[in-house]
Amino acid sequence: VLERLLTELGERSDYDAVSQCTRCGYCAQACPTYRGTGREAWSGRGRNLIVRMLIENKLKDRETAEEVLSTCLLCGACTTACPGKVPTADLVLEGRRMLRGGKAHWLASAAARLLSENPALLESLLRWAYRFKRWGLARLAARTRVLRVFGLRGLEEAALRVDEAPAAFLKEELSRDPELRGSAQARWIYFAACGPRYLLPRVGRATIRVLKALRGKGSFIEHGCCGLLAYNYGKLDAARAMARANIERFEAADRREDAPLVCDCSSCAAFMKSYPQLFLDDPKWRSRAESFAAQVQDAVEALPADKLPAGPFAETVTYHDSCRARNGQHLTEPPRAVMRALAGDRFRELPGSDQCCGGAGAFTFLHPALSDELMRSKINGIASIQARTVAASSTSCLLQLAEGLKKYYPECRVVHLCELAAEALVSPDAPAPKGPDGEHPKT
Ligand code: SF4
Ligand code: SF4
């Protein structure tokens, strides 16, 4: 376990942080799992009590503790609602680690391990999986349920839920782009999170296009995973190793000193901003992590709304708050300013925009029924305003909403906020965007 956390009220031991919970219950109605089940133990308050009992070594019912902690979405809505800013999601992760990893989905654990120990093997496996998917074999195997016979139900769910199967990985494309080579003039550095890197290259392409157009020269540096998956599945040393490697690469990159590291997955951006928490007992790395974290930007805050042209959106466009953007980074206004610039009065607020969509990484595989309930509630909100496009900013949300819309409201599509901005920039009616110095660069 980490033992100490960086909370909104300062550095605290786990015990002090969990003791800040006064059991007032303000977090209950904000908690999707409590609202969905009505179970006290499945609220922020209930989970904090379980963690406190674990620390006090008073909890004997390990199975209940595992269930209660594994069903937390780590969405952080409880902390946003909490007057004492109790860091429940971080405490839940500490509790899971106390239970030695808790109940992790094997697919997520395997992916976390491959990302940290053998990314080349992971890439090779993904290439084959995507080939099978493009040939229709993965879906056939899932439909015939043959994977279950071999105990691979997780793969079956993944094959049915995820439609994407890119022919090439984003990093191959970006490494070949001469405009993205490091240079002392680089005003931004692009961090390809695992989602855009391995599964949704279209998102990364759009982010690069928009950054080039609006923020001028930038670059891409080869890097590994941010470490979030390892962190979430109890592998703290692996998460630290990945954090150190990313910090070193960023420090060594050819760039302007003030160039931010822009990441287009809100979950990864939020995690990289929290790197200092990994090094609380290591002053040298803590200080490097603090400097690094101060330069990380979520793509939703990196888009200059005042330079964006209006897009060709004739029908209602809306925005879903990814939990790690809203609760993890408090980024609610910047993406809305972008939406207003792009869609004007066709932008409508999404009812329940602040509620988790149920994606939450491997949650969707671990707890499919609850995940589907949250997804349906989200799609209901989208349908209630008759939106035809919904924008989001985390890979989990993009995949979850794509699945939900396909099932329940196919009239609407989901895109990353950067994809929406890129559509506006290439629209034939769009005025040329203003670049970082007020000039009009090519898009
Ligand atoms: S976590 Fe915060 S809001 Fe929830 S019961 Fe404890 S103090 Fe109250
Ligand atoms: S992080 Fe989300 S799911 Fe977990 S207790 Fe808090 S509000 Fe509930």
Cα centroids of the range 174-198 and the range 315-394: how far apart, whole angstrom? 27 Å
Per 0.36 nm of contour for each residue apart, how much would the distance between residue 124 and residue 241 grow if the chain were fully extended, relative to their Cα-Cα spacing? 39.9 nm
Give the Cα extents of the chain along the principal axes, in whole Å, largest first. 64, 53, 44
Can you give the FRET efficiency for residue 13 and residue 113, using 1/(1 + (r/R0)^6), R0 = 30 Å, r = Cβ-Cβ distance, to the nearest 0.05? 0.55
With +1 on the Cβ of every Lys and Arg and -1 on the Cβ of every Asp and Glu, and nothing else charged, how large is the dipole of the chain about its Cα centre, in debye rounded to the nearest 20? 960 debye
Qualifying trypsin sites (Lys or Arg not before Pro) in the range 1-79, DSSP loop, other Cβ atoms within 10 Å at most 13: 23, 39, 58, 60
Label point at residue 413 placed 7 Å out along Cα→Cβ; residues across the range 296-321 whose backbone nitrogen lies under 19 Å: 309-320
Is the C-alpha gyration tensor of the range 263-416 telling us rounded, prolate or oblate? Criteria: a/c under 1.5 is rounded; beyond that, a/b larger than b/c is prolate, otherwise oblate. oblate
Please report, in cubic angstrom per residue, the volume enclosed by the convex hull of the alpha-carbon atoms of the range 208-261. 91 Å³
Greater than 18 Å separation of Cα atoms is the criterion. Which listed pairs, 273/307; 212/307; 378/407, meet it? 273/307
Express in nm, to one decimal, how much length is gained between residue 406 and residue 315 on full extension, taking 0.36 nm for each residue of separation and deducting their alpha carbon distance. 30.9 nm
For residue 389, which sequence-distant residues (separation of 5 or more, or a different chain) have an amide H within less than 5 Å of its own amide H, given hydrogens modelled in the peptide plane? 318, 413
Let me have the 222 nm mean residue ellipticity of the chain computed from DSSP H runs of 4+ only, each contributing -39500 (n - 2.57), with the sum over all residues rounded to the nearest 500. -15000 deg cm²/dmol
Apply 1/(1 + (r/R0)^6) to the Cβ-Cβ distance of residue 376 and residue 248, taking R0 = 45 Å, and write down the FRET efficiency to the nearest 0.05. 0.55
Among 98, 375, 53, 272, what is the fewest-to-most ranking by other Cβ atoms within 10 Å? 53, 98, 375, 272
Added length on full extension, which subtracts the Cα-Cα distance from 0.36 nm per residue, residue 177 to residue 40: 44.0 nm
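Each value in this text was obtained by applying a stated rule to the coordinates, not by laboratory testing. Everything quoted here is computed from the prediction, not taken from an experiment. Neighbour counts are summed over all protein chains in view; Cβ atoms, including those assigned to glycine, are modelled from backbone coordinates with ideal geometry.
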